[in-house]
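Trainee: Structure below; questions to follow.
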Protein chains: 2
Amino acid sequence: MFQRASQKGSNAERSRHRNRQAVLGQIHRSGTMGRAEIGRALSLSTQAVSNIIAELSDDGLLVERGQLTSGRGLPARQYALNPKGGYAFGIEVRPDAVFAALLNMAGEPVMTKRVALKKNDPKTVVFQIKSLYHEALADEAGAKARMLGAGIVMPGPFGPTGIKGHGTDLDEWRDVDANTLFSRALALPVEVSNDANAAAMAERLNGAAQGISNYAYLYFGAGLGLGLVSGGNLIQGAFGNAGEIGHIPMPAKARNLESALSRLSLQRHLQNVGKKGEDIDTLAALFAEKDKDLMNWLASATDALAYAISIVENLFDPETVILGGAMPDAILDHFVTNTALADQSVSHRPDSMHPRLQRGASGRMTATLGAAALVLHRTLSPHIAHAH
Amino acid sequence: MFQRASQKGSNAERSRHRNRQAVLGQIHRSGTMGRAEIGRALSLSTQAVSNIIAELSDDGLLVERGQLTSGRGLPARQYALNPKGGYAFGIEVRPDAVFAALLNMAGEPVMTKRVALKKNDPKTVVFQIKSLYHEALADEAGAKARMLGAGIVMPGPFGPTGIKGHGTDLDEWRDVDANTLFSRALALPVEVSNDANAAAMAERLNGAAQGISNYAYLYFGAGLGLGLVSGGNLIQGAFGNAGEIGHIPMPAKARNLESALSRLSLQRHLQNVGKKGEDIDTLAALFAEKDKDLMNWLASATDALAYAISIVENLFDPETVILGGAMPDAILDHFVTNTALADQSVSHRPDSMHPRLQRGASGRMTATLGAAALVLHRTLSPHIAHAH
DNA sequence: TTGATCGTTCAATCAGTTTGAGTTAATCCC
DNA sequence: GGGATTAACTCAAACTGATTGAACGATCAA
């Protein structure tokens, strides 16, 4: 699952593959470009770009978008990604439900769906996902032949560790190799990751992190997750468990960060005073009416958040920290404006291009869309060649 | 300094360069190998490897090491790195001194030296370093033509930030672009980094982290630093300031981690009771006689260390955490055996191949040798092609 | 209208890898 | 002891993909 092997050599074939991806990524970043312009950006000859563009157009991944006259000379034919040129399937497996989304090449959701689960053993889950996948393919004509892969989001931690069941965990999945299981079931290349990582990559593709290659994403799921992007790529850790920021111990009060700053913590807090807050809409409503108990929780959560951010900033030196996940926009915005960021931090820089803390994508489907974004990211950015 | 630009395309020339580095790296990892064996490891044809080896031998980077008969077939001619085939110059700039070391291709120090500084403005420092460099070249015949580059270790943080002088900082360096300054002065390619990162890379080249590609290195300098290696490469952060673990706030007691766990903290502690502990040898002696005050400090430092490790483990999921820097071996070993590691951690895994916490290189010169190691690492591992 | 300029295309060339046949040297097994 | 087998290496030819250079077309400026 994680490339551990020594770096492979490169040859003409791998070279071409790499360059194809580089061209796609460049066009994605700029929206629309001409051949020569791409060549300059990637240090390739115009001719090489021309060959690649011909190939990509044949494959239906690019479309022509008229000509652009800029100054003298022959107006350059512009190319853009063909939204219908490729599709990515995103899946989020939760203890009590499965979410699915189909994204087109432009990153737009073509279909989203959720199914409640009565049982969450691997067999049942795989069956549900297979049927969701076939529904999605039926909805979007031509998608089947153009599937790029599937991204799967599952709650970590992966592999055997000392962390024992959170109660609502997917216990029967502990010894399952999710990657091969799903790639066989769907007959697609598969990427498995956790919710925070997926959300972070989604932000890079379409959200606040476009063009930023070092940032951190704090994700509100059931717990608190952290997606780390360095040099444009996710930091997954040795076993895919990096970013478990919720588990780190807190100064005083709380047992750990998660117990002060997470959906679960908020729910417990509201339960203690007899209120319900399981749903994002309910929370949004409570916030709108400035519910006292919610505000109390927010006050202590804001402290915890400031602490979390100080850790992340000092350890990663990110260009920006993005807040997102299964929370209402309004609450995330509240965090962004009300969190006291430390002056004593390497991130406190007067010349910064980006806000130190900002809101990213939010809502129930964030991680699911992110799962599909993992796949798009892979096809749009060149990476080290792997074995054939 | 930090590759931020979009990924460049690749072509035949860059391909060859990449493969040369891959071959060198492979031989470095295995010590000695035959052509076909290398081809298999890198997914290259024997012929391609043969061409590259011919080239590298011509350049004096490789030497033949006899033949190895293993089972049937023609015995394979073995190749190894030529220690005298390349040299790296390492420099550590401190407020009160400059350290320098010359390493050969095998990572062995050929020369080490230190010079006390009366002034530490850029001009004086560069002058000192130039003369150290010329001394080194005079010591080792043939090194001049085979210099691979220079690594520079300087105290961070780099760039304008909210963190103001530690008192003994290099204030006059705040707005200096150290990279171009040194590369012009020495006429060498230069890598600038902080002490923890350099030490971490040294560990990967010759120390405890050989063959490990995800690990963390806790470095005892004046303060406390963290070098993070992910996928075999350093995580530098957006501005090269990643890993400032000493700055993160501590639960209760201390102001931050550094004030409980660092050389400076220990020195202050000993000063308060009228003892001296500036020198590594003094500390080693105090530890040997189980000095009560030192032991007191160690007790609280061990707690702080456990906390630091829990943060690092949960955020990075490293294969191992390595302890090193300007401390006596015995004290580092004490930390390794006496630190209580949390069971509730993603790193607490029964099937682990490596100890969760171990000692790495220690001593006064750790960071300086690491600086040179940065250069060796660059020449031994293929990386994304950069502009010509 | 004319010249300059820039993007495109085509054909030739170049660098580097792969492929396949052939050579050499060691072990295996009868 | 001797043929069969196996493995490492070399040589030459084929192949792949990028680069180079010339020709062409479209547009703008004078």
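The values are calculated or read from the model by the stated rules, or taken from the named source; none is laboratory data. Model, not experiment: these values are computed from the prediction. Every residue, glycine as well, gets a Cβ built from its backbone with ideal geometry; the counts of neighbours run over all protein chains shown. Just the protein is used for accessible areas: all its heavy atoms, side chains included, with ligands, DNA and RNA removed. Shrake-Rupley method; radii C 1.70, N 1.55, O 1.52, S 1.80 Å.
Trainee: Can we say A:Asp351 is free of Cβ contacts under 8 Å to residues at least 12 places away in the same chain and either more than 14 Å from chain B (Cβ to nearest Cβ) or at negative phi (or both)? Spell out the reasoning first.
Mentor: Numbers: free of Cβ contacts under 8 Å to residues at least 12 places away in the same chain: yes; either more than 14 Å from chain B (Cβ to nearest Cβ) or at negative phi (or both): yes.
Considered against the rule, which asks whether it is free of Cβ contacts under 8 Å to residues at least 12 places away in the same chain and either more than 14 Å from chain B (Cβ to nearest Cβ) or at negative phi (or both), A:Asp351 comes out as yes.
Trainee: Tell me which residues, restricted to the range A:123-153, are open to solvent by 10 Å² or more (accessible area, probe 1.4 Å) and outside any helix (DSSP H, G or I). Please lay out each step first, then the result.
Mentor: Going residue by residue through the range A:123-153, those that are open to solvent by 10 Å² or more (accessible area, probe 1.4 Å) are A:123-124, A:126-128, A:130-131, A:133-135, A:137-142, A:144-148.
Selection gives A:Glu140, A:Ala141, A:Gly142, A:Met147, A:Leu148.
Trainee: Given B:Ala242, B:Ala216, B:Ala200, B:Ala208, which one is of a type outside the set (S, T, N, Q) and open to solvent by 20 Å² or more (accessible area, probe 1.4 Å)? Working first, answer last.
Mentor: On the way: B:Ala242 fails: open to solvent by 20 Å² or more (accessible area, probe 1.4 Å); B:Ala216 fails: open to solvent by 20 Å² or more (accessible area, probe 1.4 Å); B:Ala200 fails: open to solvent by 20 Å² or more (accessible area, probe 1.4 Å).
Every option except B:Ala208 fails the conditions.
Trainee: I'm checking my understanding of the structure. Among residues of the range A:21-54 that are surrounded by fewer than 16 Cβ atoms within 10 Å (Cβ to Cβ) and part of a loop (DSSP other than H, G, I, E, B), which one is farthest from DNA strand C (Cβ to nearest atom)?
Mentor: A:Gly31
Trainee: Looking at B:Ala372, B:Ala330, B:Ala342, can you tell me which residue is among the small types (Gly, Ala, Ser), touching a Phe, Trp or Tyr at 6+ places or on another chain (Cβ under 8 Å) and open to solvent by 40 Å² or more (accessible area, probe 1.4 Å)?
Mentor: Details: B:Ala372 fails: open to solvent by 40 Å² or more (accessible area, probe 1.4 Å); B:Ala342 fails: touching a Phe, Trp or Tyr at 6+ places or on another chain (Cβ under 8 Å).
Answer to the selection: B:Ala330.
Trainee: Could I ask something else about it? Determine whether A:Ser57 is surrounded by fewer than 21 Cβ atoms within 10 Å (Cβ to Cβ), more than 26 Å from the chain's Cα centre (by Cα) and of a type in the set (S, T, N, Q). Spell out the reasoning first.
Mentor: Working: surrounded by fewer than 21 Cβ atoms within 10 Å (Cβ to Cβ): yes; more than 26 Å from the chain's Cα centre (by Cα): yes; of a type in the set (S, T, N, Q): yes.
Criteria met by A:Ser57.
Trainee: I would also like to ask the following. Tell me the residue from A:Arg35, A:Arg77 that is away from chain B (no Cβ under 14 Å) and either within 26 Å of the chain's Cα centre (by Cα) or within 16 Å of DNA strand D (Cβ to nearest atom) (or both), please. So that I can check it myself, show each step before the final result.
Mentor: Details: A:Arg35 fails: away from chain B (no Cβ under 14 Å).
A:Arg77 is the lone residue from the list that is away from chain B (no Cβ under 14 Å) and either within 26 Å of the chain's Cα centre (by Cα) or within 16 Å of DNA strand D (Cβ to nearest atom) (or both).
Trainee: Against the conditions (1) within 28 Å of the chain's Cα centre (by Cα); (2) open to solvent by 10 Å² or more (accessible area, probe 1.4 Å), where does A:Asn296 fall short? Just the number, please.
Mentor: All conditions pass for A:Asn296, except number (1).
Trainee: Taking B:Asn120 as meeting all but one of (1) surrounded by fewer than 22 Cβ atoms within 10 Å (Cβ to Cβ); (2) part of a strand (DSSP E or B), write down the number of the exception.
Mentor: Result: B:Asn120 passes all but (2).
Trainee: If you check B:Asp303 against the conditions, is it at pLDDT 95 or above, out of contact with any Gly (no Cβ under 9 Å at 6 or more places or on another chain), in a helix (DSSP H, G or I) and acidic (Asp, Glu)? Spell out the reasoning first.
Mentor: Values: at pLDDT 95 or above: no; out of contact with any Gly (no Cβ under 9 Å at 6 or more places or on another chain): yes; in a helix (DSSP H, G or I): yes; acidic (Asp, Glu): yes.
No.
Trainee: Name the residue that is surrounded by the fewest Cβ atoms within 10 Å (Cβ to Cβ), counting only residues in the range A:301-315 that are within 10 Å of chain B (Cβ to nearest Cβ) and out of contact with any helix residue (DSSP H, G or I) (no Cβ under 7 Å at 6 or more places or on another chain). Before the answer, list the steps.
Mentor: Narrowing the range A:301-315 to residues within 10 Å of chain B (Cβ to nearest Cβ): A:306-307, A:310-315.
With the extra rule that they be out of contact with any helix residue (DSSP H, G or I) (no Cβ under 7 Å at 6 or more places or on another chain), the set shrinks to A:306-307, A:310, A:312-313.
Details: A:Ala306: 18, A:Tyr307: 21, A:Ser310: 20, A:Val312: 24, A:Glu313: 26.
Selected residue: A:Ala306.
Trainee: Answer yes if at least one residue in the range B:79-94 is of a type in the set (S, T, N, Q) and within 16 Å of DNA strand C (Cβ to nearest atom), and no otherwise.
Mentor: The first filter runs over the range B:79-94 and keeps only residues of a type in the set (S, T, N, Q), leaving B:82.
Remaining after also requiring within 16 Å of DNA strand C (Cβ to nearest atom): none.
Looking for residues that are of a type in the set (S, T, N, Q) and within 16 Å of DNA strand C (Cβ to nearest atom), one finds none in the range B:79-94, hence no.
Trainee: Does B:Ser10 fit the bill of being in a loop (DSSP other than H, G, I, E, B), touching a Ser or Thr at 6+ places or on another chain (Cβ under 8 Å) and closer than 28 Å to A:His17 by Cα? Spell out how you get there, then give the answer.
Mentor: Working: in a loop (DSSP other than H, G, I, E, B): yes; touching a Ser or Thr at 6+ places or on another chain (Cβ under 8 Å): yes; closer than 28 Å to A:His17 by Cα: yes.
Here the answer is yes, as B:Ser10 does meet what is asked.
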